[in-house]
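Okay, structure first, notes after.
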């Protein structure tokens, strides 16, 4: 059966919905749900909505510290580009945002200037370049500062949300930390077919996010890492993660989408 653009969009949406792990049923948690949260961890990514969400969450959780994590890596120039084109772009004109900054430094600058979060509530981890380092170095920082870690809320690029939460759990166990980790995906990416056979994002999701090509590469890469076979990060592969049960319909969508995208390059 030929693979249609409608089928490709459906497969991509199924993958994205699985990856965007959210413990709050798609609704922003309120003060009551945040009352016991010790730390809100914003992990390095290029999606501006995650920064906006983290700032709003911290404002509603007066006991929580904001942990911003991210060094300088492949997403750093993309984050700066997205910030400059966002509602926070004026901070660049004021010299508060610089292209040479680490991701965590950009986050902290926006948190203080736009959300008026005191510097004393922000913990800045600016050395990490991958998800494991995001978690490990953030946990080390929390411990070093004497901050409680019984309940941590993770905010991340929705394409990387599920793996980031699993990774945080792995690094917490290595550190001997017992934490309840909750996950807040700020939105679920969705695409739709165009008349010319390409794909586009729905609901204005092009603002402060990804190009379509990068988005598709991210979600395919995430399933490859999470699926527990010789190519993945689980016990049957590289051993970085515990076994993750990727639902077979999601994996089937991944196989179809990968074959289509690697073969036809139908997106733009």
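The values are calculated or read from the model by the stated rules, or taken from the named source; none is laboratory data. All figures in this text were calculated on a predicted structure; none of them were measured in a lab. Cβ sites come from the backbone with ideal geometry, for glycine too, and all protein chains shown count toward neighbours.
Any idea which of 49, 9, 53 is outside the structural domain of residue 124 (by TED's automatic domain parsing) and either in contact (Cβ under 8 Å) with a residue 60 or more places away in the chain or part of a loop (DSSP other than H, G, I, E, B) (or both)? Before you say what the answer is, go through the steps one by one.
On the way: 49 fails: outside the structural domain of residue 124 (by TED's automatic domain parsing); 53 fails: outside the structural domain of residue 124 (by TED's automatic domain parsing).
Every option except 9 fails the conditions.
Give, as residue ranges, the strands (runs of 3 or more DSSP E) completely inside region 111-215 that count at least 2 residues that are touching a residue at least 40 places away in the same chain (Cβ under 8 Å). Don't jump to the end; show me each part of the working.
On the way: elements: 122-125, 151-155, 180-184, 191-193, 199-201.
The strands (runs of 3 or more DSSP E) meeting that bar are 122-125, 151-155, 180-184, 191-193.
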Tally up the residues in region 122-156 that are over 14 Å from residue 72 (Cα atoms) and in contact with a strand residue (DSSP E or B) (Cβ under 7 Å, 6 or more places away or on another chain), please.
16
Give the number of residues within region 109-122 that are surrounded by fewer than 23 Cβ atoms within 10 Å (Cβ to Cβ) and under 18 Å from the mean Cα position of the chain (by Cα).
0
Of the conditions (1) more than 20 Å from the chain's Cα centre (by Cα); (2) modelled with pLDDT of 95 or more; (3) closer than 30 Å to residue 258 by Cα, residue 22 satisfies every one except a single condition; which number is it?
(1)
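Tally up the residues in region 39-63 that are buried (at least 17 other Cβ atoms within 10 Å of the Cβ) and either modelled with pLDDT under 95 or out of contact with any helix residue (DSSP H, G or I) (no Cβ under 8 Å at 6 or more places or on another chain) (or both), please.
Within region 39-63, the subset buried (at least 17 other Cβ atoms within 10 Å of the Cβ) is 39-55, 57-58, 60-61.
Now narrow it down to the ones that are either modelled with pLDDT under 95 or out of contact with any helix residue (DSSP H, G or I) (no Cβ under 8 Å at 6 or more places or on another chain) (or both): 44, 49-50, 52-53, 60-61.
Within region 39-63, residues that are buried (at least 17 other Cβ atoms within 10 Å of the Cβ) and either modelled with pLDDT under 95 or out of contact with any helix residue (DSSP H, G or I) (no Cβ under 8 Å at 6 or more places or on another chain) (or both) number 7.
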